[in-house]
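Quick notes on the structure that follows.
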Amino acid sequence: FADLNGDGQVTTADQESLGSPLPKFYGGVNFDANYKRFDFNVYFYGVYGNKILNYVQSSLQSFQNRSFVGVQNVSKEYYENRWTPTNPSNIFSRATYNDDAIGSNVPSSAWIEDGSFLKLKNLTVGYVLPESVTKTLTMKRVRAYFSTQNLFTITKYSGLDPEIGVQNGNATQNGVDNGTYPSSRFYTLGINVTF
């Protein structure tokens, strides 16, 4: 927290915009190729230039949960690096149970992260059996394939998945990570048979 307007107090008047949850650029690349009896399909998708409020970080920085019911455990990282008079940290706020104006439950710029990412969304590798094999099985064409989705993500975001979207259908929660479950990784084996 900082006194941005220079009035000697840290209040809501010192708030400033730290970025937008909307990407400056988003797009994808699809690549298809064939080599002899093999076929390949690769699809990359990514965004650039958006910010994410990593609200999950509040569990590192707050003894008080959002429902104001009671206290909770915190990480060793927070416990050892929180603000104290002898450890004036500029990332983790002081430990407090009160929801005061500058308490540990108030979001700060420490929770804002770059949401840019590049994902390998789909990868498929197929193989068509030779006709000499398919004729003996009285089939015209047999193609075996392996496919995977969400194989990897390249990002600097520290949360589970930067592709969080709109939370609970609420447009005001765009770019806020409240512990969104990450995209699942799928593996598929299959056979296409033509008689």
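The values are calculated or read from the model by the stated rules, or taken from the named source; none is laboratory data. Not measured: the values here are computed from a predicted model. With ideal geometry, Cβ positions are generated from the backbone for all residues, glycine too; neighbour counts draw on all protein chains shown. Just so you know, the surface numbers come from the protein's heavy atoms only, side chains and all, with ligands and any DNA or RNA stripped out. Shrake-Rupley method; radii C 1.70, N 1.55, O 1.52, S 1.80 Å.
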With the requirement that a residue be open to solvent by 50 Å² or more (accessible area, probe 1.4 Å) and touching a residue at least 12 places away in the same chain (Cβ under 8 Å), what does segment 36-57 give you? ARG37, PHE38, PHE40, TYR43, PHE44, TYR45, TYR48, LYS51, VAL56
Filter segment 78-88 for residues that are modelled with pLDDT of 75 or more and touching a helix residue (DSSP H, G or I) at 6+ places or on another chain (Cβ under 8 Å); the one that is surrounded by the most Cβ atoms within 10 Å (Cβ to Cβ) is ARG82
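For every residue, the table says whether it meets (1) part of a loop (DSSP other than H, G, I, E, B); (2) at pLDDT 85 or above; (3) of a type outside the set (D, E, K, R); (4) open to solvent by 80 Å² or more (accessible area, probe 1.4 Å).
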position: ASN90; (1), (2), (3), (4): yes, no, yes, yes
position: GLY103; (1), (2), (3), (4): yes, no, yes, no
position: ALA110; (1), (2), (3), (4): no, no, yes, no
position: LEU120; (1), (2), (3), (4): no, yes, yes, no
position: MET139; (1), (2), (3), (4): yes, yes, yes, no
position: VAL142; (1), (2), (3), (4): no, yes, yes, no
LEU18 is checked against (1) closer than 13 Å to ILE112 by Cβ; (2) outside any loop (DSSP other than H, G, I, E, B); (3) among the hydrophobic types (A, V, I, L, M, F, W, C) and fails just one. What number does that condition carry? (2)
Of all residues in segment 146-169, count the ones that are in contact with an Asp or Glu (Cβ under 9 Å, 6 or more places away or on another chain), part of a loop (DSSP other than H, G, I, E, B) and either aromatic (Phe, Trp, Tyr) or open to solvent by 50 Å² or more (accessible area, probe 1.4 Å) (or both). 4
Under the condition of being polar (S, T, N, Q) and surrounded by 10 or more Cβ atoms within 10 Å (Cβ to Cβ), which residue from segment 16-35 is modelled with the lowest pLDDT? SER20
Close pairs (7 angstrom Cβ cut-off, 6 or more residues apart or separate chains): under 10 Å from LYS51 (Cα atoms) in segment 9-28, among the basic types (Lys, Arg) anywhere: LEU18/LYS51; GLY19/LYS51; SER20/LYS51; PRO21/LYS51
